[in-house]
Amino acid sequence: MQTLIFILILFLISIFSVLLYFKTKKSRLDLLNSGECPTCKAKTKTFFDKNTNTTFTSEVINSRILRNHGCSGVVEIEYSCNNCGLKEIHSINSSSCC
């Protein structure tokens, strides 16, 4: 009986840890898409020049497509931070041909 309870507790811990992993991965991807680095918390900087009435933006996060697997495949995107040097690769589902 103790073995059965121990196995059930281990199973529940493993399920919750996998769910926590996917939640943190999704939140990091949301931060990267919004232009904020999840590690150093740097954001996009905006400058305004009063002489020429021009707004300049300094992006912290750069993204580039590594692989595009066609219309129904996934797109692998590499995000890199200019401030701390963070590099992450995320796969995003492609829903249509564009």
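The values are calculated or read from the model by the stated rules, or taken from the named source; none is laboratory data. Predicted, not measured: the structure shown is a model, and the values here were computed from it. Heads up, the Cβs are rebuilt from the backbone with ideal geometry, glycines too, and the neighbour counts pull from every protein chain shown. Surface areas here come from the heavy atoms of the whole protein model, side chains and all, with no ligands, DNA or RNA. Shrake-Rupley method; radii C 1.70, N 1.55, O 1.52, S 1.80 Å.
Residue by residue, here is whether (1) in a loop (DSSP other than H, G, I, E, B); (2) in contact with a helix residue (DSSP H, G or I) (Cβ under 6 Å, 6 or more places away or on another chain); (3) on the phi > 0 side of the Ramachandran plot; (4) of a type in the set (Ser, Thr, Tyr) holds:
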site: 66; (1), (2), (3), (4): no, no, no, no
site: 72; (1), (2), (3), (4): yes, no, no, yes
site: 76; (1), (2), (3), (4): no, no, no, no
site: 83; (1), (2), (3), (4): yes, no, no, no
site: 89; (1), (2), (3), (4): no, no, no, no
- prompt: in contact (Cβ under 8 Å) with a residue 24 or more places away in the chain, out of contact with any Phe, Trp or Tyr (no Cβ under 7 Å at 6 or more places or on another chain) and in a helix (DSSP H, G or I) - does that describe any residue in segment 27-45?
  reply: yes
- Message: Whether any residue in segment 27-43 is open to solvent by less than 90 Å² (accessible area, probe 1.4 Å) and over 13 Å from the mean Cα position of the chain (by Cα) is what I want to check.
- Response: yes
